[in-house]
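Notes for the one structure printed next.
The values are calculated or read from the model by the stated rules, or taken from the named source; none is laboratory data. Being a predicted model, the structure only gives us computed values, none of them experimental. Every residue, glycine among them, receives a Cβ derived from its backbone with ideal geometry; neighbour counts consider all protein chains shown.
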Amino acid sequence: MGIDTDTGIDTELVSSTSSTLRIATAGSVDDGKSTLIGRLLHDTKTVFEDQLHAVVKASRRYGDGETNLALLTDGLRAEREQGITIDVAHRYFATPRRSFIVADTPGHAQYTRNMVTGASTSDVAIVLVDARHGVLDQTRRHALIASMVGAQAIVLAVNKMDLVDWDQARFHAISAEVQAFVDALPDPVPVTPIPISALLGDNVVDRSEHTPWYTGEPLLAFLEAFELRPHGDVGARVHVQRVIRPQGGEHADFRGQAGVVTGGWLRTGDEVTVQPSGLTSTVRALYRWGNEVAEAGPGHAVVVQLDTNVDVARGDVLVAGSAIAPLVGDDVVVDLCWMVDRPVTVGSRWWFEHGTRSGHATVTELLHRLDPATLERHDADELVLNDLGRVRLQLSEQVVADQYHVLPEGGRMILIDPADNSTAAAAMVQTLVAPA
Amino acid sequence: MTALDETMLPHTGDSTADHRQASAHLDALTDEAITIIREVATACENPVLLFSGGKDSAVLLHLAVLAFAPARLPFPVMHVDTGHNFDEVIDYRDRLVRDWNVRLVVASVQESIDKGRVVEDTGPRASRNRLQSVTLLDAIAEHGFDAAFGGGRRDEDKARAKERILSFRDRQGRWDPRQQRPEPWAMLNARIRKGEHLRAFPLSNWTELDIWRYIARHDVPLPSIYYSHRRTVVERDGMLLAVGGPVELEPGETPFEATVRYRTVGDASCTGAVESDAADVRDVLAEVAAARITERGATRADDTFSESAMEDRKREGYF
Ligand SMILES: Nc1nc2c(ncn2[C@@H]2O[C@H](COP(=O)(O)OP(=O)(O)O)[C@@H](O)[C@H]2O)c(=O)[nH]1
């Protein structure tokens, strides 16, 4: 076994060349999402013997014929009893080539908010379709959501091919219909259709003998080889989480800003602007995991020490070498998915969280509701649970934001219902206007 | 930075480009965990870190110390002490809090029993594991903690796989899996009302293998029972339980000596050892990578009782 003597990392069993791939699975109820994930876990030998044993036993108890691999992922009692997936479950597996994080998301329309949640952190969305039923409203909704939140690719897994006699024409008809829908989206995404049987394993890990007409890769090979498109370097930003001040001992004079780097690389000596104040300073030192480093890139959790004692607090943003400067303002237009029972109407008030800034948000305009099946934009007086739409918000604080398609990390926001603190919306910044 | 020289924390950088590539996944998990810890500690007023002395909480505490360096960890750690401890674990706990300069709070299950808050099961298979939930919730209320960091991982159990990074608990400390707050982009909503609290799981996306890779990379000290040693044990339900502590022998059981190590560390009455020659972290890494049985299935009598054992305990306020 290839244990690296310096890092203690097993070079054979742990991905060595590619970065982690985050996947969300979506599709309508019973299209076979849980079975597919169970199949991936099983065939990559991620399932442990005691887990498999428990599933075999439970399959017998619930009266399933074949061993029901879906029971590996349906983790809640109500889900096992009703045979549906209610909530996002996260799964982890690795092949010699890559590590994967899978969000198994629910199919019911009433859990669309969980679909948004699962898709929001994913690089690739696997949208399942039952080959017998073809494209459903949920299929379109999920393809739309995947593109809205910025998935880099959609895999259209046409499942249960065993039940349609591996019919090539059926597969092509479904693929063409989804392709046409995705082409009409505001942000089209590449679609890769694959004919599979999650239950029997065809074209999941191993190539199927039943689909000689299919020349593409099996699902896992596609995912292993998928190359993530790096985001363009728009210039580094650090949304300040906290000021680190030891206030005593050896480091009594130390003062640094803790946060995550997004958008680009930050280096010692870089000039930074503190937004929204506009004050400037220079990076004296950078620390990651308690060690000084010369530079830090996207995703790195750092502490930034500035040259001069400028005023910086939680919620402020350090901006360096911006190719595309972030927007500063308090009047913002967002696309959102509504996630609670209380509807959103003009004049309604919410809390917002953006980056590390929070405050009040008042809805000043409801621009439209988006019909996920037809992609038509409708006038609306309110958006209700699971609706997708566009609104304009007046914020109580200025935020330093990016348009979502420019830099997702700078363009995402949540709204919270002040009545009960529930998370009411996932929102994506489209435009931001500075105060007059 | 010299800050960490005061502590026992070792170097954390890895040098060559190859290593950076090979450990990209662990790098990302590390950044993610530190970011979550900083965010919750800043958004909440009075957080605490739950520390069992096990490997997950050791990694969690290590990350928390790094998150605020060179400042001191801005919140205490709390050990929910079942009284059924491995001596090695208590020694280890006390050494670690001293070396890493953190504040320790101990919540005692024995005290909950003495005060009549819980009633202890009796008999040879009695475990205090379930009683911990009451002690934990009482301590959270007594100290007014509004957030408790835990080392839970989604790969541990099916019910955990459903849990959010920030898990909301009502005034009774209950978890309602059907009313969880969505976390789009892993953005955290830490708003609560008085009397409610949050559980935060910065290691949500880690697997057992990731934990060991982190321990190897950063030389995180662990209680010695994680590495192979000779011990008198008895075999029960396919598990090896240590003899000499709270485990009472049942008729027909014969204790024997074996070379074992622990994969998890919990209440000594229900945590089993596995036969193993893995004497150091490198051996353990190889063993974990090749393992075919989950750590809980192999070593926790309490989780094998029913398919929903963990979900039921979590609803009651368990870790
Ligand atoms: N024949 C056949 N049945 C399948 C296939 N995939 C899933 N199923 C069955 O379809 C049903 C629903 O699957 P499940 O994975 O629970 O769907 P989910 O609701 O999308 O998670 C179960 O009875 C599965 O056994 C397949 O490829 N072929």
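General remarks:
- Top-ranked residue of region A:165-187 - restricted to ones that are of a type outside the set (A, V, I, L, M), surrounded by 14 or more Cβ atoms within 10 Å (Cβ to Cβ) and away from the ligand (no atom under 16 Å from the Cβ), ranked as farthest from A:Asp31 (Cα to Cα): A:Asp187
- Residue match in region A:193-203 (condition: under 27 Å from the mean Cα position of the chain (by Cα), within 17 Å of A:Asp123 (Cα to Cα) and within 16 Å of the ligand (Cβ to nearest atom)): yes
- Residues located in region A:343-367, provided they are part of a loop (DSSP other than H, G, I, E, B) and either modelled with pLDDT under 95 or of a type in the set (Val, Ile, Thr) (or both): A:Val346, A:Thr356
- Only listed residue being of a type outside the set (Asp, Glu), modelled with pLDDT of 65 or more and buried (at least 24 other Cβ atoms within 10 Å of the Cβ), chosen from A:Thr95, A:Thr117, A:Thr85: A:Thr117
- Set B:Asp5, B:Asp31: member being modelled with pLDDT under 95, charged (D, E, K, R) and surrounded by fewer than 23 Cβ atoms within 10 Å (Cβ to Cβ): B:Asp5
- Checking the stated criteria, A:Ile23 turns out to be more than 13 Å from the ligand (Cβ to nearest atom), under 23 Å from A:Ile154 (Cα atoms) and at pLDDT 80 or above.
- Residue count for region A:204-216, restricted to those that are closer than 20 Å to A:Ala26 by Cα and more than 13 Å from the ligand (Cβ to nearest atom): 1
- Subset of region B:68-83 that is part of a loop (DSSP other than H, G, I, E, B) and away from chain A (no Cβ under 13 Å) - its residue that is modelled with the highest pLDDT: B:Pro76
- Of the helices (runs of 4 or more DSSP H) that lie entirely inside region B:205-319, those containing 3 or more residues that are at pLDDT 85 or above span B:208-218, B:281-290.
- Residue within region A:229-236 that is surrounded by fewer than 16 Cβ atoms within 10 Å (Cβ to Cβ) and modelled with pLDDT of 95 or more present: no
- Filtered residues of region A:118-164 (kept if within 14 Å of chain B (Cβ to nearest Cβ) and within 14 Å of the ligand (Cβ to nearest atom)): A:Gly118
- Failed condition for A:Thr374, given (1) over 30 Å from B:Ala71 (Cβ atoms); (2) surrounded by 20 or more Cβ atoms within 10 Å (Cβ to Cβ): (2)
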